[in-house]
Amino acid sequence: MRRIAVVTCYRQPDYVRAITLRTAVADLGDEAIVVKNRSRSVRRYAEVAGELWRMRRDRPDAYLVTFRAFEVVPLVLALAGGRPVVYDEFINPVEWFVEEHRRLRPGSLPARALRGAFRTMMRRCAVVLADTASHADHAAELMDLPRELWKVVPVGTDEATFRPASRKPGTPFRVLYYGSMLPLHGLDVLLEAAVLLAGRDDIAVDVVGGTDDDRARVDAAVSRGARVRYRSWVPYEELPALFAETGLAIGGPLGDTVQSRYVITGKTYQFLASGVPTLVGANLESSAFTDRSDALVVPQGDPVAVAEAARWAADHPHELAEVGRRGRELYERAFSRPRIAEALGTALAGIRVAAGRR
């Protein structure tokens, strides 16, 4: 049995990616030593640093730094004492800050410095984890490092919360869009589709999440005839009940951004695991889905296609129920807890330690 410290330093220390990796370590028969922050403020860095410092006297066999803790990877590397460090990149920082959100100008000195720092850090890691193969391909090219350094482990979801349950979609047929409203998710695309659906009194859209600015965007769509019910948020424990009332869930991503090309969204895993019929945006990972079989697949950035998919879903309840059922089967086959453990086991296969190393 290996002793693996699973390190998280994030404002959401129990983010689903961290939970699924901790669980996968245990499922592999290894001991997961959980190191995570309690504070959600900047104090979290001191908390995690202190725990890692205390651990140096009885170091684990390996360290797995989960998303999002890239700020502490240099400290982990310094304190690891030669033990392998696995970095869960999940979202490449250069992709995020330079390509996706343009907070740093491409080619600028800060952008080059960021890339150089993370490239050096990644070269010192034994393994870098990515959520999808296309994300790994892009990160390897972006950082000019061997693709073999990256291993793919799907995200999955909280299977205790999101599982098949009795469904009771009502009238009107409800289309659900919820989340943090990042550009890759494509709220504007969904709202334009809702305007195109204005003539269908039997179809309504639920939008959950976002900011006052997002609420203003919803109000603007409503003023154009869209049938949208907006809520600023729904408590996590109430999401399964909301899903049960949903006819079609928007997994996306619809935003047609750089990041949207490579991801299967976290909410897509939640919907699939719950057996809810799910709409996804076509990208480099959407080959995992079959349109009108285990999901509805539409082009990104295309509100006309989203509206047409919603009409088809509302008009074909029996076929749609099969889409939800097969979506759950796809989740079990490709993204479930055993598959995550299997993928992580492959990723960690090369870091076994000799007996007595400690």
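The values are calculated or read from the model by the stated rules, or taken from the named source; none is laboratory data. In this text the structure is predicted, and so the values were computed from the model without any measurement. Note that we place each Cβ from the backbone using ideal geometry, even for glycine, and neighbour counts take in every protein chain shown. Surface areas here come from the heavy atoms of the whole protein model, side chains and all, with no ligands, DNA or RNA. Shrake-Rupley method; radii C 1.70, N 1.55, O 1.52, S 1.80 Å.
Please note which strands (runs of 3 or more DSSP E) are completely contained in segment 155-273 and include at least 3 residues that are of a type outside the set (A, V, I, L, M), at pLDDT 95 or above and more than 23 Å from Leu129 (Cβ to Cβ). Steps first, answer last, please.
Values: elements: 173-178, 203-208, 228-231, 248-252.
Of the strands (runs of 3 or more DSSP E) lying wholly inside segment 155-273, those with at least 3 residues that are of a type outside the set (A, V, I, L, M), at pLDDT 95 or above and more than 23 Å from Leu129 (Cβ to Cβ) span 173-178, 228-231.
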- Item | Every pair of residues 6+ apart whose Cβ atoms lie under 9 Å, when the first sits in segment 134-146 and is in a loop (DSSP other than H, G, I, E, B) while the second is open to solvent by less than 20 Å² (accessible area, probe 1.4 Å) and among the aliphatic types (A, V, I, L, M) | Leu145/Met122; Leu145/Val128; Leu145/Ala139; Pro146/Ala140
- Going through segment 109-126 in order, the residues found to be open to solvent by 70 Å² or more (accessible area, probe 1.4 Å) and touching a residue at least 40 places away in the same chain (Cβ under 8 Å) are Arg124
- Note on the structure: When segment 63-78 is checked residue by residue, the ones that are touching a residue at least 12 places away in the same chain (Cβ under 8 Å) and either open to solvent by 50 Å² or more (accessible area, probe 1.4 Å) or over 16 Å from Val128 (Cβ atoms) (or both) are Arg68, Glu71, Pro74, Leu75
- Query: In this structure, is Glu89 buried (at least 16 other Cβ atoms within 10 Å of the Cβ), out of contact with any Pro (no Cβ under 9 Å at 6 or more places or on another chain) and not aromatic (Phe, Trp, Tyr)?
  - Reply: yes
- Message: For a quick check of your reading of the model, give me the residue pairs whose first member lies in segment 79-108 and is more than 22 Å from Asp131 (Cα to Cα), whose second is aromatic (Phe, Trp, Tyr), with beta-carbon atoms closer than 8 Å and at least 6 apart or on different chains.
- Response: Leu79/Trp53; Ala80/Tyr63; Arg83/Tyr63; Arg103/Phe97; Leu104/Phe97
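Of a type in the set (D, E, K, R), within 24 Å of the chain's Cα centre (by Cα) and open to solvent by 80 Å² or more (accessible area, probe 1.4 Å) - does that describe any residue in segment 192-205?
The answer is no, given that none of the residues of segment 192-205 is of a type in the set (D, E, K, R), within 24 Å of the chain's Cα centre (by Cα) and open to solvent by 80 Å² or more (accessible area, probe 1.4 Å).
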- Item | Identity of the residue in segment 127-151, over 13 Å from the mean Cα position of the chain (by Cα) and within 26 Å of Pro277 (Cα to Cα), that ends up most open to solvent (accessible area, probe 1.4 Å) | Ala133
- Query: Residues of segment 38-53 being surrounded by 13 or more Cβ atoms within 10 Å (Cβ to Cβ) and either touching an Asp or Glu at 6+ places or on another chain (Cβ under 9 Å) or in a loop (DSSP other than H, G, I, E, B) (or both), which ones?
  - Reply: Ser39, Tyr45
- All-but-one check, Leu187 against (1) more than 26 Å from Glu332 (Cβ to Cβ); (2) open to solvent by 40 Å² or more (accessible area, probe 1.4 Å), failing number (2)
- Message: Pairs please, first residue from segment 6-17 and touching a residue at least 24 places away in the same chain (Cβ under 8 Å) and among the β-branched types (Val, Ile, Thr), second anywhere and open to solvent by less than 10 Å² (accessible area, probe 1.4 Å) and part of a loop (DSSP other than H, G, I, E, B), Cβ atoms under 8 Å, 6+ apart in sequence or on different chains.
- Response: Val6/Thr66; Val7/Thr66; Val7/Ala69; Thr8/Asn37; Thr8/Thr66; Thr8/Ala69; Val16/Val155; Val16/Gly156
- Would you point out the residue of segment 92-108, among those that are open to solvent by 30 Å² or more (accessible area, probe 1.4 Å) and closer than 23 Å to Leu77 by Cβ, that is modelled with the lowest pLDDT? Trp96
- Message: Can you find, within segment 15-37, the residue that is least open to solvent (accessible area, probe 1.4 Å) among those that are more than 22 Å from Gly81 (Cβ to Cβ), at pLDDT 95 or above and in a loop (DSSP other than H, G, I, E, B)?
- Response: Asn37
- Message: I'd like the full set of residues that are within 15 Å of Met181 (Cα to Cα) and free of Cβ contacts under 8 Å to residues at least 40 places away in the same chain, limited to segment 211-253.
- Response: Thr211, Asp212, Asp213, Asp214, Arg215, Ala216, Arg217, Val218, Tyr230, Arg231, Ser232, Trp233
- Task: Can you tell me which residue within segment 76-127, out of those that are among the β-branched types (Val, Ile, Thr) and part of a helix (DSSP H, G or I), is farthest from Val65 (Cα to Cα)?
- Result: Val98
- Name the pairs whose Cβ atoms lie under 9 Å apart, with the first residue in segment 41-62 and in contact (Cβ under 8 Å) with a residue 60 or more places away in the chain, the second assigned to a helix (DSSP H, G or I) and open to solvent by less than 90 Å² (accessible area, probe 1.4 Å), and 6 or more positions between them or separate chains? Arg59/Leu79; Asp61/Ile351; Ala62/Leu348; Ala62/Ile351
- Could you tell me whether segment 247-266 includes any residue that is exposed (fewer than 15 other Cβ atoms within 10 Å of the Cβ) and under 21 Å from the mean Cα position of the chain (by Cα)? no
- Item | Exclusive hit being more than 22 Å from Asp302 (Cβ to Cβ), open to solvent by less than 60 Å² (accessible area, probe 1.4 Å) and out of contact with any helix residue (DSSP H, G or I) (no Cβ under 9 Å at 6 or more places or on another chain), set Gly156, Gly170 | Gly170
